[in-house]
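Here's the structure, in C-alpha cells; my notes come after.
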Amino acid sequence: MLLTRLSFSTLSILFALIFIGGYVSSSGVGLSCPEWPLCPAGLVPMREFIIEYFHRTVAATTGIMVFVTMFFTLRSQETKRSTKIASMIAAALVVGQITLGAFVIVEKLHAVLVTVHLGMGLILFLMILTVTLDVNQISKTRLQKPVQI
C-alpha cells in the first residue's frame, strides 16, 4: 500500500529532522545563517551555513511529505476518521513550525521560542506516528482477509 510506505517515509524523515534540529541547537550554529528563509548566498549553500542550510532543506522536504501524506490519507476510503484528523493536525503543525522557525531566527534563538519549536515538533512526530500505525494496521488487516473465490 502506497500510503503505508509514504507515512513510514514521512515518519523517518521527520525523526531525522528532529535529530538534525537537536544538533543545530546544541552545537550553537542556529544563527550561522541569520536570515530567513534563505541564507545570504540565496539557494547556494556556503560552507559556513551548511549545517543550518541542511536543516532548512530537510525541513522543507519533511513539510512537503507531511502534506502529501495528508492528501493521500484524506483520499483513502479505508482510513479512520481519527487518522484523517491526525494527518490534518500534522499539516497544521507544519505550518506552525515553519512560522515559529522563522520567529526563532528573527528573535535570535529566544529560549522560549526554541522550546516551543521543539515541543511542536514532538507533537508533529506523534501525529505522524499515529497516522503511520493506523495505516499499517489497515494494511495488515487487508492482508489477513481470506480471498473469496
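Descriptive notes on the structure:
- A count restricted to the range 60-79 and to residues that are of a type in the set (Gly, Ala, Ser) and either under 16 Å from Ala92 (Cβ atoms) or not in a helix (DSSP H, G or I) (or both) stands at 2.
- In the set (1) assigned to a helix (DSSP H, G or I); (2) exposed (fewer than 14 other Cβ atoms within 10 Å of the Cβ), Thr4 fails one condition alone, (2).
- In the range 14-53, the residues that are within 30 Å of Thr141 (Cα to Cα) and buried (at least 18 other Cβ atoms within 10 Å of the Cβ): Leu14
- In the range 55-103, the residues that are free of Cβ contacts under 8 Å to residues at least 24 places away in the same chain and among the small types (Gly, Ala, Ser): Ala60, Ala92
- Qualifying residues in the range 110-126 (those that are among the aliphatic types (A, V, I, L, M) and either within 16 Å of Ala16 (Cα to Cα) or surrounded by fewer than 14 Cβ atoms within 10 Å (Cβ to Cβ) (or both)) - the one modelled with the lowest pLDDT: Ala111
- Of all residues making up the range 1-38, the number that are under 11 Å from Ile128 (Cα atoms) and without any contact (Cβ under 8 Å) to a residue 40 or more places away in the chain: 1
- Number of the exception - Ser87 against (1) surrounded by fewer than 20 Cβ atoms within 10 Å (Cβ to Cβ); (2) within 21 Å of Leu122 (Cα to Cα): (1)
The values are calculated or read from the model by the stated rules, or taken from the named source; none is laboratory data. All of these numbers come straight from a predicted model, not from anything done at the bench. Here the Cβ is made from the backbone with ideal geometry for all residues, glycine too, and neighbour counts use every protein chain on show.
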